[in-house]
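A.B. asks: Quick one: structure below, then a few questions.
The values are calculated or read from the model by the stated rules, or taken from the named source; none is laboratory data. Treat the numbers as computed from the prediction; the structure is a model and nothing was measured. Glycine also receives a Cβ, built like all others from the backbone with ideal geometry; neighbour counts cover every protein chain displayed. Accessible surface is based on the protein model in full, side chains and every heavy atom, while ligands, DNA and RNA are left aside. Shrake-Rupley method; radii C 1.70, N 1.55, O 1.52, S 1.80 Å.
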Amino acid sequence: MFDKKYSSLKSLMFLPLMMAFGCTGNAHTNGTTSDNDTAQADTVKHQVTLLFAGDLMQHDGQIKAARTSDGKYDYEDVFKRVKPEISEADIAIANFEVTLGGPPFRGYPQFCAPDEYLYASIDAGFDVLLTANNHCVDTRDRGLRRTIDMMDSLGVKHLGTYKNAAEREKYYPFFMEYDGIRICLLNFTYGTNGIPVPAPFVVNMQDTTEIAADLKIAKSFNPDVIIAFPHWGIEYVQQPNREQRNLVDWMLRNGVDHVIAGHPHVIQPFEVVNRDGKDHLVVYSLGNYVSNMTKINTDGGAMVRMTLTKQNGKTEMTDCDYSLVWVSRPATSGRKNFRIYPVTYPTDEMNANERNLRTRFINSTRTLLDKYNKGVKERGREE
């Protein structure tokens, strides 16, 4: 039905807690009997490249544009130009900020996208989708359940929302392994737009007591790296607030290695923070990956890449960079569907209005990141 990079990643393993890293028995028992004991003797260099993308949105205009004459939906052209870069990464992760509650489909303020949007996201190369965000309860229990079921049926891995506490205990914290590098992922949201989470479903919330408990479990399995994905911040504000900075400080002090975040719908700065001789990547907001938003700075976002290298029992970040993407809307292009363009993509197929808006996004974003980024450069950009 669609070409899934995930199906070919034979060295990429996703494991429930009771199986994680060779541990047996209850997930909450200490997992120190894993092969981590022999890690010091491993002189082979292990490496994995991860790619992080921002908010996968679906507004009414996007749903209408994707609808075909036979009543189905086609998103292939949306992701076509970014698919090579996504697929190049060993593991690609994005924030899936819609529900799959089934028809009728709708956009803001309570999102419900066609299943074809999930198919296209997987086909584009995304291996893991984050579901804890402020829109995850938009279609209540129907949307929570069906989103999980659809992702499970298609084999794409996900974290952040669960059908019940037992499933959360089994599958969270989320663990995966690539080329001998054991990675733990955490995902949580500041809220759900005031909509109560229907029982027995569970949505991971931004609560330090709960996060601390999750970190305790995660560390008992001796992962090589822990990456947190908060959904936080103030919409349309290009600088992190004090709460974001304080939570980053708290997470790094409590065992999180890297923080990759979203929600503001605009890019916020990226920085490498050195603590006790170890580098930590902090991305305050990746911005929108695709949406129908038109406000300045919302019509694009970033893909951040990070390379982890493990040798002699030590895992460290050995490279990180970012690339920018810009979204062309039918109202501007005159074409039927939306398109995500890498900013390095030739502009030959764009009209004058598209080129002007693209330039506006690039100039504004580069002005921000050139001033405030610390240790994270734009991929392929000449100084």
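A.B. asks: Taking the options Thr131, Thr208, name whichever one is touching a helix residue (DSSP H, G or I) at 6+ places or on another chain (Cβ under 7 Å), among the polar types (S, T, N, Q) and under 22 Å from Asp55 (Cα atoms).
C.D. replies: Answer to the check: Thr131.
A.B. asks: Test Lys295 against the criterion of being basic (Lys, Arg), in contact (Cβ under 8 Å) with a residue 24 or more places away in the chain and in a loop (DSSP other than H, G, I, E, B), and give yes or no.
C.D. replies: Against the criterion (basic (Lys, Arg), in contact (Cβ under 8 Å) with a residue 24 or more places away in the chain and in a loop (DSSP other than H, G, I, E, B)), Lys295 qualifies.
A.B. asks: Can you go through Asp77, Asp70 and tell me which one is in contact with a Phe, Trp or Tyr (Cβ under 9 Å, 6 or more places away or on another chain), more than 25 Å from Ile181 (Cα to Cα), charged (D, E, K, R) and outside any strand (DSSP E or B)?
C.D. replies: Asp77
A.B. asks: Hey, can you tell me all the residues within the stretch 347-363 that are over 23 Å from the mean Cα position of the chain (by Cα) and surrounded by fewer than 16 Cβ atoms within 10 Å (Cβ to Cβ)?
C.D. replies: Selection gives Thr347, Asp348, Glu349, Asn351, Ala352, Asn353, Arg355, Asn356, Thr359, Arg360, Asn363.
A.B. asks: Only one of these conditions is not met by Val272: (1) without any contact (Cβ under 8 Å) to a residue 12 or more places away in the chain; (2) within 18 Å of Phe229 (Cβ to Cβ); (3) not small (Gly, Ala, Ser). Which number is it?
C.D. replies: Result: Val272 fails condition (1) only.
A.B. asks: Does the stretch 262-279 contain any residue that is over 19 Å from the mean Cα position of the chain (by Cα), buried (at least 22 other Cβ atoms within 10 Å of the Cβ) and under 30 Å from Lys64 (Cβ atoms)?
C.D. replies: Within the stretch 262-279, not a single residue is over 19 Å from the mean Cα position of the chain (by Cα), buried (at least 22 other Cβ atoms within 10 Å of the Cβ) and under 30 Å from Lys64 (Cβ atoms).
A.B. asks: Let me ask something else about it. Take Thr315 and decide whether it is outside any helix (DSSP H, G or I), among the hydroxyl-bearing types (Ser, Thr, Tyr) and in contact with a Leu (Cβ under 7 Å, 6 or more places away or on another chain).
C.D. replies: Yes, satisfied.
A.B. asks: Another question, if that's okay. Please list, ordered by first then second residue, the pairs with beta carbon atoms under 8 Å, 6 or more apart or interchain, first in the stretch 237-255 and within 12 Å of Gln268 (Cβ to Cβ) and charged (D, E, K, R), second exposed (fewer than 14 other Cβ atoms within 10 Å of the Cβ) and at pLDDT below 95.
C.D. replies: Final answer for the pair search is none.
A.B. asks: Applying the selection to the stretch 60-102, what residues are farther than 20 Å from Met151 by Cα, within 23 Å of the chain's Cα centre (by Cα) and without any contact (Cβ under 8 Å) to a residue 60 or more places away in the chain?
C.D. replies: If the condition is that a residue be farther than 20 Å from Met151 by Cα, within 23 Å of the chain's Cα centre (by Cα) and without any contact (Cβ under 8 Å) to a residue 60 or more places away in the chain, then Pro84, Glu88 are the ones that fit.
A.B. asks: Scan the stretch 106-113 and give yes if some residue there is of a type in the set (D, E, K, R) and either touching a Pro at 6+ places or on another chain (Cβ under 6 Å) or closer than 15 Å to Gly155 by Cα (or both), otherwise no.
C.D. replies: no
A.B. asks: Can you tell me which residues in the stretch 122-151 are in a helix (DSSP H, G or I) and touching a Cys at 6+ places or on another chain (Cβ under 8 Å)?
C.D. replies: Correct list: Gly143, Leu144, Thr147.
A.B. asks: Here is a check on your reading of the model: is Tyr119 hydroxyl-bearing (Ser, Thr, Tyr), in a helix (DSSP H, G or I) and open to solvent by 50 Å² or more (accessible area, probe 1.4 Å)?
C.D. replies: In short, yes.
A.B. asks: Give me the residue from the stretch 57-84 that is among the polar types (S, T, N, Q) and open to solvent by less than 20 Å² (accessible area, probe 1.4 Å) and, out of that set, farthest from Phe338 (Cα to Cα).
C.D. replies: Gln58
A.B. asks: Is the stretch 176-184 home to any residue that is among the aliphatic types (A, V, I, L, M), under 22 Å from Asn134 (Cα atoms) and in contact (Cβ under 8 Å) with a residue 12 or more places away in the chain?
C.D. replies: Within the stretch 176-184 (the criterion being among the aliphatic types (A, V, I, L, M), under 22 Å from Asn134 (Cα atoms) and in contact (Cβ under 8 Å) with a residue 12 or more places away in the chain), the answer is no, since none of the residues qualifies.
A.B. asks: Scan the stretch 314-346 residue by residue and report those that are open to solvent by 40 Å² or more (accessible area, probe 1.4 Å) and more than 21 Å from Tyr284 (Cβ to Cβ).
C.D. replies: Correct list: Lys314, Glu316, Thr318, Arg329, Ala331, Gly334, Arg335, Lys336, Thr344, Tyr345, Pro346.
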